[in-house]
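Trainee: The structure that follows is given in the form of structure tokens.
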Ligand code: SAM
């Protein structure tokens, strides 16, 4: 069993966990089991991002059709190539940000990873923007990042990021995870979240909507009106305020996703 403190310390040997790659290894098999069971499906392939020493890989293999794992660090790759020998396991020495995902185009797949904290958002947006059929993304991230994805209207964490992600996915907060289940132990606690797609995608429409939402949050401390006047005519602004019955002092963080969609549709005469 890989997720265990003695194994991890022993196998790392002289090697030190590399901070620059966000390496914190799971040492609690109970957590690993829970994540793998949430993430995987026996009939589907799983892509794993950042397998490290293989704690998650080992258990994902039990619950998946097969596992494709992408690891950036040659030291981890060398260790893993020796320790997990399974024909269902395909290990790639690659920066996931540069990985060509087109080979997954016609498959329904799952994605899982205990993500390196320094590239959490770019990795997730690579997945969100890929045109793949990913039926669930389950990832471990820093707790504060999970809170931002999950944030609701009027909370301090509510932003264009929360809105864009919640438009595309049901975001499920699966569990909080103590920093003590990692070696070395990170400074902050983590959380496991899942993203389950909720709409059939229309990339052109989304691009326009997301662009509009981002512009509404451009000057966060100012009113919505103040943000809108940078890119809309007075007539359009009036049309929005009348249709949505907005108070003149309303700010973007007080506006729900449905209202952003309505605003955007008012502008585009849908
Ligand atoms: N999955 C292991 C576990 O849970 O014990 C390791 C998780 S550790 C937080 C993150 C892993 O991602 C490390 O093995 C690190 O080398 C790898 N990594 C960092 N940046 C990466 C990238 N851009 N592409 C692929 N792997 C990356």
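The values are calculated or read from the model by the stated rules, or taken from the named source; none is laboratory data. From a predicted model like this one, the values you see are computed outputs, not experimental measurements. Heads up, the Cβs are rebuilt from the backbone with ideal geometry, glycines too, and the neighbour counts pull from every protein chain shown.
Trainee: Before we move on, is residue 66 free of Cβ contacts under 8 Å to residues at least 40 places away in the same chain, closer than 30 Å to residue 210 by Cα, more than 10 Å from the ligand (Cβ to nearest atom) and surrounded by fewer than 16 Cβ atoms within 10 Å (Cβ to Cβ)?
Mentor: No; evaluated as a whole, the condition is false for this residue.
Trainee: Just to be sure before I move on: is residue 21 surrounded by 14 or more Cβ atoms within 10 Å (Cβ to Cβ) and within 9 Å of the ligand (Cβ to nearest atom) in the structure I sent?
Mentor: Judged against the criteria, residue 21 is a match.
Trainee: Then there is this: Contact list please: Cβ distance under 8 Å, first residue in the range 49-62 and assigned by TED's automatic domain parsing to the domain that holds residue 125, second residue more than 10 Å from the ligand (Cβ to nearest atom) and assigned to a loop (DSSP other than H, G, I, E, B), pairs at least six apart or on different chains.
Mentor: What qualifies is 54/84; 57/84; 58/1; 58/84; 60/40; 61/84; 61/86; 61/88.
Condition check ((1) within 15 Å of the chain's Cα centre (by Cα); (2) in the same structural domain as residue 170 (by TED's automatic domain parsing); (3) at pLDDT below 95) across all residues:
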| position | (1), (2), (3) |
| --- | --- |
| 77 | no, yes, no |
| 86 | no, yes, no |
| 98 | no, yes, no |
| 106 | no, yes, yes |
| 126 | yes, yes, no |
| 134 | yes, yes, no |
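Trainee: Going by the structure shown, is residue 60 within 7 Å of the ligand (Cβ to nearest atom), within 21 Å of the chain's Cα centre (by Cα) and in a helix (DSSP H, G or I)?
Mentor: So residue 60 fails the test.
Trainee: Here are 240, 199, 213: which of them is surrounded by 14 or more Cβ atoms within 10 Å (Cβ to Cβ) and without any contact (Cβ under 8 Å) to a residue 40 or more places away in the chain?
Mentor: 240
Trainee: Name the residues in the range 135-163 that are within 25 Å of residue 48 (Cβ to Cβ) and crowded, with 21+ Cβ neighbours inside 10 Å, would you?
Mentor: Residues of the range 135-163 that are within 25 Å of residue 48 (Cβ to Cβ), as a first pass: 135-150, 161.
If the condition is that a residue be within 25 Å of residue 48 (Cβ to Cβ) and crowded, with 21+ Cβ neighbours inside 10 Å, then 136, 137, 138, 139, 140, 141, 145, 146, 149 are the ones that fit.
Trainee: What about residue 26, is it within 22 Å of residue 189 (Cβ to Cβ), surrounded by 19 or more Cβ atoms within 10 Å (Cβ to Cβ), in contact (Cβ under 8 Å) with a residue 40 or more places away in the chain and within 11 Å of the ligand (Cβ to nearest atom)?
Mentor: Answer is yes for this residue.
Trainee: To continue, here is another question. Any idea which residue in the range 109-132 is farthest from residue 70 (Cα to Cα), counting only those that are near the ligand (Cβ under 8 Å from one of its atoms) and surrounded by 14 or more Cβ atoms within 10 Å (Cβ to Cβ)?
Mentor: Once the filter is applied, the top-ranked residue is 117.
Trainee: Please find, within the range 85-108, the residue that is nearest to the ligand (Cβ to nearest atom) out of those that are exposed (fewer than 12 other Cβ atoms within 10 Å of the Cβ) and not in a loop (DSSP other than H, G, I, E, B).
Mentor: Checked the range 85-108; the qualifying residue nearest to the ligand (Cβ to nearest atom) is 98.
Trainee: Right, here's the next one. What about residue 254, is it under 30 Å from the mean Cα position of the chain (by Cα) and either closer than 25 Å to residue 125 by Cα or modelled with pLDDT of 95 or more (or both)?
Mentor: In short, yes.
Trainee: Quick one: residue 187 ticks every box in (1) in contact with a helix residue (DSSP H, G or I) (Cβ under 8 Å, 6 or more places away or on another chain); (2) closer than 22 Å to residue 259 by Cβ; (3) in a loop (DSSP other than H, G, I, E, B) bar one, so which box is it?
Mentor: (2)
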